[in-house]
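The next block holds one structure in the form of structure tokens; read it before the comments.
The values are calculated or read from the model by the stated rules, or taken from the named source; none is laboratory data. Quantities reported herein were computed from a predicted structural model and do not represent experimental measurements. All Cβ positions, glycine included, derive from the backbone under ideal geometry; neighbour counts span all protein chains shown.
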């Protein structure tokens, strides 16, 4: 009886989609039509377990959709079936153009993960997150929410989340420090930025070289120590300078992967630090002058 009810509901969803949307691609239509085939409900399953399975299947097919609107419909339907479907909350949050709506979904996802893990567990294992697989969905959600705050210009909120993430996982497997360092510097929180640089002193990322250069520039503008920091940055990744000197050369799309010192790292760094460079044009001008007059390297 439970299985029949679920299949009936899925059938109603399919009828709605077919009656109201004219732009379905062939892949979408095939995916929708196969929804009911994925169900495998045991007679002794609880209502909550059935709803959870229904949501998981709906979300799976949302991920298979070619068209975003159809994917959103299925993700929302997944939440109707099972409000604790964390992936659906994160998916819908990532698709939002309204910060309040995005944060609402992220907070729901975080509350779900906290309920799943348990607040005592969170407190007990603080400092060892990510190394424990059960904590990873929670950390992924925090990172996604932080990036949304950053994208919408809510830098103070983004900073709070980054700091929390580094307390939970000092090893920083997700690279939260790379988002935090330009945020600190943009907000002129140089003391915190300097402490962060020292904490991860062995970091070989280009962000660290430029962070040290900007901190030194603000302390001793135009000094030899600043020039040396910039030379070190150039030595590590010269690709950054061509984009810093001419933003029109910067690719619009972020690379999927990058390595220390390569062009992909430079592209990623310039995009992630854009708000920082917009806040300190005098530092960029100093680099440009130094680049042409003293470094004398080809772009």
Open item on the list: Quick check on my filter: what residues within segment 232-248 are surrounded by 13 or more Cβ atoms within 10 Å (Cβ to Cβ) and in a helix (DSSP H, G or I)?
Closed with: 232, 233, 234, 236, 239, 240, 241, 242, 243, 244, 245
- [ ] Kindly check whether there is at least one residue in segment 103-111 that is out of contact with any helix residue (DSSP H, G or I) (no Cβ under 8 Å at 6 or more places or on another chain) and under 25 Å from residue 170 (Cα atoms).
- [x] yes
- [ ] Report yes if residue 192 is without any contact (Cβ under 8 Å) to a residue 12 or more places away in the chain and either crowded, with 17+ Cβ neighbours inside 10 Å or in contact with a helix residue (DSSP H, G or I) (Cβ under 6 Å, 6 or more places away or on another chain) (or both), otherwise no.
- [x] yes
TODO: Kindly list, by first and then second residue, each pair from a residue in segment 106-125 that is in the same structural domain as residue 89 (by TED's automatic domain parsing) to a residue that is outside any helix (DSSP H, G or I), limited to pairs with Cβ atoms under 7 Å and residues at least 6 apart or on different chains.
DONE: 112/84; 125/132
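Please tell me if residue 128 is at pLDDT 90 or above, closer than 30 Å to residue 169 by Cα and either outside the structural domain of residue 167 (by TED's automatic domain parsing) or surrounded by fewer than 21 Cβ atoms within 10 Å (Cβ to Cβ) (or both).
Working: at pLDDT 90 or above: yes; closer than 30 Å to residue 169 by Cα: yes; either outside the structural domain of residue 167 (by TED's automatic domain parsing) or surrounded by fewer than 21 Cβ atoms within 10 Å (Cβ to Cβ) (or both): yes.
Here the answer is yes, as residue 128 does meet what is asked.
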Open item on the list: If I ask for residues that are part of a helix (DSSP H, G or I) and surrounded by fewer than 18 Cβ atoms within 10 Å (Cβ to Cβ), which ones from segment 209-231 would you list?
Closed with: 218, 219, 224, 225, 228, 231
Task: For residue 281: the one exception among (1) under 22 Å from the mean Cα position of the chain (by Cα); (2) modelled with pLDDT of 90 or more - done: (1)
Open item on the list: Checking residue 76 against (1) part of a loop (DSSP other than H, G, I, E, B); (2) at negative phi: exactly one of these is not met. Which one?
Closed with: (1)
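Matching residues to (1) at pLDDT below 95; (2) within 15 Å of the chain's Cα centre (by Cα):
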residue	(1), (2)
136	yes, yes
140	yes, yes
150	yes, yes
157	no, yes
162	no, yes
165	no, yes
168	no, no
172	no, yes
175	yes, yes
